[in-house]
Amino acid sequence: MSNLIDQQKADLAASFRWAARLNFHEAVANHFSLAVNDDGTRFIMNPNQRHFSLIKASDIIELDANDPGSLTGPDAPDITAWGLHGGIHRHCSHARCVMHVHSNYATVLASLADSNLPPIDQNAAMFYNRYVIDDNYGGLVLEEEGNRCAQLLSDPKHKVMIMGHHGILVIGGTVAETFNRLYYFERAAGNYIQALQTGRPVRVLADEVAEKTAQQLEAYPEQDERHFSELKSILDHEGSDYAD
């Protein structure tokens, strides 16, 4: 088990490094987590107030979603990280990996009166009928707010939560799957926001084509694993210490 958790910590560390490289992070405020037991209540995540670009596997902490004492340990998580991720891992066992960021375009989308992402291109079609919008932002995500957010992800089909007034939260079964989804959502949101900036009408796919495309992309073999493996290979080639 320890070897598996060591690898999971290394994968999570690599995802932090790439999130920083892609400017998806917000100072030291955002957080990723990964469940490491069957019911999802034990999870690993980044320590409090550590910059994504510096996180190593050995920095990553293990927590129990049912143990409030987790907030008092060494490098205890930020209270909003605990509130959000603890709530989701406590209530949504299908959300094995959870990534929350304030990336630029996704946060712009979350700031619009209509935060829907229409299927204007192939990237956006990936998320057709597969996201939920939180219209009831209630302040910092402390425990009560985290439990409320978790209820919005009760349908396993919804892999993305567009957090109104806040940012984006993406879930998946593995670090690779979740990071790949986070990457493509930011790309899709960026394409949409920039299309709106032209002031010209956008071209929207028909519902049946958007759903077909989403299903095809979900079934596309190994794309997320291969993408993430290549990112780790780049880090390894550069001599990164993320896995230490």
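Data table
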{"quantity": "Any hit, the stretch 148-156, residues being more than 30 Å from E238 (Cβ to Cβ) and touching a Ser or Thr at 6+ places or on another chain (Cβ under 9 Å)", "calculated": "no"}
{"quantity": "Some residue of the stretch 112-126 being under 29 Å from L71 (Cβ atoms), touching a residue at least 24 places away in the same chain (Cβ under 8 Å) and not in a loop (DSSP other than H, G, I, E, B)", "calculated": "no"}
{"quantity": "Qualifying positions in the stretch 49-64 - touching a residue at least 12 places away in the same chain (Cβ under 8 Å), surrounded by fewer than 17 Cβ atoms within 10 Å (Cβ to Cβ) and either assigned to a strand (DSSP E or B) or among the hydrophobic types (A, V, I, L, M, F, W, C) (or both)", "calculated": "E62, D64"}
{"quantity": "Filtered residue count, the stretch 213-228, keeping only those that are under 25 Å from R21 (Cβ atoms) and assigned to a loop (DSSP other than H, G, I, E, B)", "calculated": "2"}
{"quantity": "Tally, over the stretch 213-228, of residues that are of a type in the set (G, A, S) and surrounded by 15 or more Cβ atoms within 10 Å (Cβ to Cβ)", "calculated": "1"}
{"quantity": "The stretch 20-34 - residue that is in contact with a helix residue (DSSP H, G or I) (Cβ under 7 Å, 6 or more places away or on another chain) and under 19 Å from D75 (Cβ atoms) and, of those, surrounded by the fewest Cβ atoms within 10 Å (Cβ to Cβ)", "calculated": "A20"}
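So that you can scan it fast, the table gives a plain yes or no per residue for (1) in contact with a strand residue (DSSP E or B) (Cβ under 6 Å, 6 or more places away or on another chain); (2) on the phi < 0 side of the Ramachandran plot; (3) outside any helix (DSSP H, G or I); (4) surrounded by 17 or more Cβ atoms within 10 Å (Cβ to Cβ):
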{"site": "P47", "(1), (2), (3), (4)": "yes, yes, yes, yes"}
{"site": "N66", "(1), (2), (3), (4)": "no, yes, yes, no"}
{"site": "A76", "(1), (2), (3), (4)": "no, yes, yes, no"}
{"site": "H85", "(1), (2), (3), (4)": "yes, yes, no, yes"}
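Okay, residues lined up against (1) in a helix (DSSP H, G or I); (2) surrounded by fewer than 20 Cβ atoms within 10 Å (Cβ to Cβ); (3) touching a residue at least 24 places away in the same chain (Cβ under 8 Å):
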position	(1), (2), (3)
I168	no, no, yes
E177	yes, no, yes
A189	yes, no, yes
E211	yes, yes, yes
E230	yes, yes, no
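Any read-out appearing in this document is the output of simple, stated calculations on the displayed coordinates, not a laboratory observation. Since we're looking at a predicted model, the values are computed, not measured. Every residue, glycine among them, receives a Cβ derived from its backbone with ideal geometry; neighbour counts consider all protein chains shown.
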